[in-house]
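Q: Just passing along the structure, written as structure tokens.
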Amino acid sequence: MSGRWSLLILPVLLAACTQSHSREVVEASPDGAGYPARLALSAGPLPDEQAPLQPEGGAWTASAAQVAFAVPGQPALFALACTHDAAGNAAVALTRRTRAEAGAKALLALIGNGRIARLPLDAAQPGEAGEWQGAIPAADPRLDVLKGGNRLEATLPGGGTLLLPASGEPGRLITACRAS
């Protein structure tokens, strides 16, 4: 019975240990007894590193060797292309256009078609209009997240989440690339 009580009490004790996020200012004791005092923060707004917003009007386009999600008339925000190395091994090149810091590396999280995949990307072009790139062997089962024709979510830390509409084009590219 005591084991059940400890399981019930543990969350309460942990909740009591959390840090306060209030902006209340507590005056330090006049004798400087060493009690840590809270300092007043500036009255201005807190810094906000907001991720880029989902663009309106974006759609998939396809060519023989590439599929891309873009707003018409603008560069692709997300693109997949089938490439081959000197030995003829097929790979899927991924490009995500969003802010990037020089030398940064990240995992692109893809959610869709009943799967979740995390694919490594490197910042290829730094800046607010940056570009991330990576290449995954075409046979890699993580790419199956792109097959199935359902809506996809592509999230890059600091770059926000793209909600990619349902399309069979990414799956078609993966299948063709694996067969090449």
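The values are calculated or read from the model by the stated rules, or taken from the named source; none is laboratory data. This is a predicted model, so every value here is computed, not measured. We place every Cβ from the backbone using ideal geometry, glycine too, and count neighbours over all the protein chains shown.
Q: Might you check whether a residue that is part of a helix (DSSP H, G or I) and under 29 Å from residue 101 (Cβ atoms) occurs anywhere in region 147-168?
A: Checked region 147-168: no residue is part of a helix (DSSP H, G or I) and under 29 Å from residue 101 (Cβ atoms).
Q: Out of the residues in region 53-82 that are among the polar types (S, T, N, Q) and surrounded by 14 or more Cβ atoms within 10 Å (Cβ to Cβ), which is nearest to residue 164 (Cα to Cα)?
A: Across region 53-82, the extreme among qualifying residues is 61.
Q: Determine whether region 80-96 contains at least one residue that is modelled with pLDDT under 95 and among the hydroxyl-bearing types (Ser, Thr, Tyr).
A: There is no residue in region 80-96 that is modelled with pLDDT under 95 and among the hydroxyl-bearing types (Ser, Thr, Tyr).
Q: Mind checking which residues of region 83-119 are exposed (fewer than 15 other Cβ atoms within 10 Å of the Cβ), touching a Pro at 6+ places or on another chain (Cβ under 9 Å), assigned to a strand (DSSP E or B) and not aliphatic (A, V, I, L, M)?
A: Selection gives 105 alone.
Q: Still on this model: Regarding residue 70, is this residue at pLDDT 90 or above, touching a Leu at 6+ places or on another chain (Cβ under 8 Å) and under 20 Å from residue 149 (Cβ atoms)? Talk me through it step by step, then tell me what you get.
A: On the way: at pLDDT 90 or above: yes; touching a Leu at 6+ places or on another chain (Cβ under 8 Å): yes; under 20 Å from residue 149 (Cβ atoms): yes.
Judged against the criteria, residue 70 is a match.
Q: Residue under question is residue 143, and the condition is that it be at pLDDT 95 or above, buried (at least 19 other Cβ atoms within 10 Å of the Cβ) and within 20 Å of residue 62 (Cβ to Cβ); does it hold?
A: Against the criterion (at pLDDT 95 or above, buried (at least 19 other Cβ atoms within 10 Å of the Cβ) and within 20 Å of residue 62 (Cβ to Cβ)), residue 143 qualifies.
Q: Could I ask something else about it? Would you confirm whether any residue within region 152-172 is basic (Lys, Arg) and within 22 Å of residue 55 (Cα to Cα)?
A: No, region 152-172 contains no residue that is basic (Lys, Arg) and within 22 Å of residue 55 (Cα to Cα).
Q: From the list 127, 159, 134, which one is closer than 24 Å to residue 63 by Cα and not hydroxyl-bearing (Ser, Thr, Tyr)?
A: Going through 127, 159, 134 in turn, just one is closer than 24 Å to residue 63 by Cα and not hydroxyl-bearing (Ser, Thr, Tyr): 134.
Q: I'm told residue 165 meets every condition in (1) exposed (fewer than 15 other Cβ atoms within 10 Å of the Cβ); (2) modelled with pLDDT of 95 or more except one. Can you identify the failing condition by its number?
A: (2)
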